[in-house]
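Asks: This is the structure I want to talk about, given as structure tokens.
The values are calculated or read from the model by the stated rules, or taken from the named source; none is laboratory data. The model shown is predicted, which means the values in this text are computed figures rather than measured ones. Note: ideal-geometry Cβ built from the backbone for every residue, glycine included; neighbour counts use all protein chains shown.
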Amino acid sequence: MFFHATGKNPTESHGYSLDLKTNEVSQLTSESGTHQIVVSSSGKYFIDNFNSLTVPNKVTLHQLGKSKDREILIADNPLIDYTIGNTELFSKKASDGTDLWCRMITPSNFDESKKYPVLFYVYNGPHVQLVTNSWLGGASLWMHSLAEEGYIIFTVDGRGSSHRGIDFEQAVHENMGTIEVDDQAEMAEWLKTLPYTDNDRFAVHGWSYGGFMTTSLMLKKPGLFKVGVAGGPVIDWRLYEVMYTERYMDTPESNLEGYENADLKNHVSNLEGKLMLIHGTSDDVVVMQHSMEFLSQCIQEGKQVDFFPYPGHAHNVRGKDRVHLMTKVLSYIKTNL
């Protein structure tokens, strides 16, 4: 049997084989990074698709049990003619000793004697891992573009995220919006102790679960971030799809306290700073009702927030309109920081 697993470093992915007769496990790939193997029907060969923080793509053919391999493709660096930021992957310990893996992008001309504003890019929900030893560390190019304008872009996979084992992922069971919010906040507090971060200029942005996290951080950790942009945010888990929600939150009847604490309408009074919600009008995953109910609560409590709908778009903004989306997100952050 062949499978993929992280190995000793959770930011990596390697190919393995399991002998079903002896239960012996063999690691088939060794180079640090992200491997995806495709095994031949005979089980004698496999193709290894590999990339890492510095390798855009490398494809090799291997014969099981043999040390030699055949290179099929080594991709050129598509960004060779561009100046981009520096990406570092590292782990930091949460207050209880749990290792949390982080990605930090700094400008190419980074100077530790200067003060830089910081943007947190967050997801931190089940099934997703953002910090990986893959090409550019899994970051989008808009992050590098913003870094070149003099920003630090930071991401941490807190508890609740994927590929760290079931205990790590299910730490949010029945209590979404608690321990993973604390993990993000702890890393923000740590960053604020560094000599080169501008403590008064921290922003946070994410989509879907990341939108839920962005709004949670703005409401449950008021003052920590000056600006937040929440895309397609889950506001009340009672409005989200049953299969996903009850897997992690159980039913509203059996976990009333968990649902009430996660309902962000109940925390509107804590809002400080500038918050924008963005939502596709045809979102069939996180339905528009989430944002509408949140905005209604903000009106009732006299809290000023910003809102932008994307007509006709579903749970994310795709195609040519994505340029408009990212321009809006980054303009809002830069203007209000």
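Asks: List the strands (runs of 3 or more DSSP E) inside region 55-132, counting only whole elements, that have at least 2 residues being within 30 Å of S17 (Cβ to Cβ).
Replies: Once the strands (runs of 3 or more DSSP E) in region 55-132 are filtered for at least 2 residues that are within 30 Å of S17 (Cβ to Cβ), what remains is 58-63, 69-74, 86-93, 99-106.
Residue by residue, here is whether (1) in contact (Cβ under 8 Å) with a residue 60 or more places away in the chain; (2) under 22 Å from the mean Cα position of the chain (by Cα) holds:
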| site | (1), (2) |
| --- | --- |
| V227 | yes, yes |
| L239 | no, no |
| T245 | no, yes |
| Y248 | yes, yes |
| E253 | no, no |
| Y259 | no, no |
| D263 | no, yes |
| H267 | no, no |
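Asks: Exactly one condition in (1) under 23 Å from T251 (Cβ atoms); (2) in a helix (DSSP H, G or I) is false for A185; which is it?
Replies: Of everything listed in (1) under 23 Å from T251 (Cβ atoms); (2) in a helix (DSSP H, G or I), A185 misses just condition (1).
Asks: For region 106-116, indicate whether the set of residues that are out of contact with any His (no Cβ under 9 Å at 6 or more places or on another chain) and closer than 30 Å to A262 by Cβ is non-empty.
Replies: No, that holds for no residue.
To keep it simple, each residue is scored yes or no on (1) of a type in the set (A, V, I, L, M, F, W, C); (2) buried (at least 17 other Cβ atoms within 10 Å of the Cβ); (3) over 20 Å from N124 (Cα atoms); (4) in contact with a Gly (Cβ under 9 Å, 6 or more places away or on another chain).
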| residue | (1), (2), (3), (4) |
| --- | --- |
| T214 | no, yes, no, yes |
| G223 | no, no, yes, yes |
| Y244 | no, no, no, no |
| N270 | no, no, yes, no |
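Asks: Moving on to the next point. Hey, could you check region 268-289 for residues that are assigned to a helix (DSSP H, G or I) and among the polar types (S, T, N, Q) and say which is farthest from T214 (Cα to Cα)?
Replies: Q289
Asks: Could you grab me the full set of residues in region 133-164 that are in a strand (DSSP E or B) and among the hydrophobic types (A, V, I, L, M, F, W, C)?
Replies: Let us first name the residues in region 133-164 that are in a strand (DSSP E or B), namely 152-157.
Matches in region 133-164: I152, I153, F154, V156.
Asks: Scan region 70-94 and report the pairs whose first residue is closer than 16 Å to N133 by Cα and free of Cβ contacts under 8 Å to residues at least 12 places away in the same chain and whose second residue is assigned to a loop (DSSP other than H, G, I, E, B) and not charged (D, E, K, R), with Cβ atoms within less than 8 Å and a gap of 6+ or a chain change.
Replies: Partner pairs satisfying both residue conditions: none exist.
Asks: Mind checking which residues of region 61-76 are under 26 Å from S145 (Cβ atoms) and either surrounded by 12 or more Cβ atoms within 10 Å (Cβ to Cβ) or of a type in the set (K, R) (or both)?
Replies: A75
Asks: Just checking, which of K21, K8 is at pLDDT 95 or above, out of contact with any Leu (no Cβ under 9 Å at 6 or more places or on another chain) and assigned to a loop (DSSP other than H, G, I, E, B)?
Replies: Exactly one of K21, K8 is at pLDDT 95 or above, out of contact with any Leu (no Cβ under 9 Å at 6 or more places or on another chain) and assigned to a loop (DSSP other than H, G, I, E, B), namely K21.
Asks: Another question, if that's okay. Here's a check for you: in region 312-323, which residue that is at pLDDT 95 or above and touching a strand residue (DSSP E or B) at 6+ places or on another chain (Cβ under 8 Å) is surrounded by the most Cβ atoms within 10 Å (Cβ to Cβ)?
Replies: So, considering only residues that are at pLDDT 95 or above and touching a strand residue (DSSP E or B) at 6+ places or on another chain (Cβ under 8 Å), the one surrounded by the most Cβ atoms within 10 Å (Cβ to Cβ) is V317.
Asks: For region 160-176, enumerate the residues that are more than 10 Å from the chain's Cα centre (by Cα), buried (at least 23 other Cβ atoms within 10 Å of the Cβ) and closer than 19 Å to T11 by Cβ.
Replies: If the condition is that a residue be more than 10 Å from the chain's Cα centre (by Cα), buried (at least 23 other Cβ atoms within 10 Å of the Cβ) and closer than 19 Å to T11 by Cβ, then G160 is the only one that fits.
Asks: V242: β-branched (V, I, T) and closer than 17 Å to L277 by Cα, yes or no?
Replies: Answer is no for this residue.
Asks: Those residues that are assigned to a loop (DSSP other than H, G, I, E, B) and under 15 Å from the mean Cα position of the chain (by Cα), I need them from region 201-225; list them, please.
Replies: Scanning region 201-225 gives a single hit, S208.
Asks: Looking at this structure, is N255 touching a helix residue (DSSP H, G or I) at 6+ places or on another chain (Cβ under 8 Å) and either buried (at least 18 other Cβ atoms within 10 Å of the Cβ) or among the basic types (K, R) (or both)?
Replies: Yes: the conditions hold for N255.
Asks: What are the pairs with Cβ atoms under 7 angstrom where one residue, in region 282-307, is in contact (Cβ under 8 Å) with a residue 40 or more places away in the chain and the other, located anywhere, is hydroxyl-bearing (S, T, Y)? Sequence gap at least six, or different chains.
Replies: V286/S208; V286/Y240
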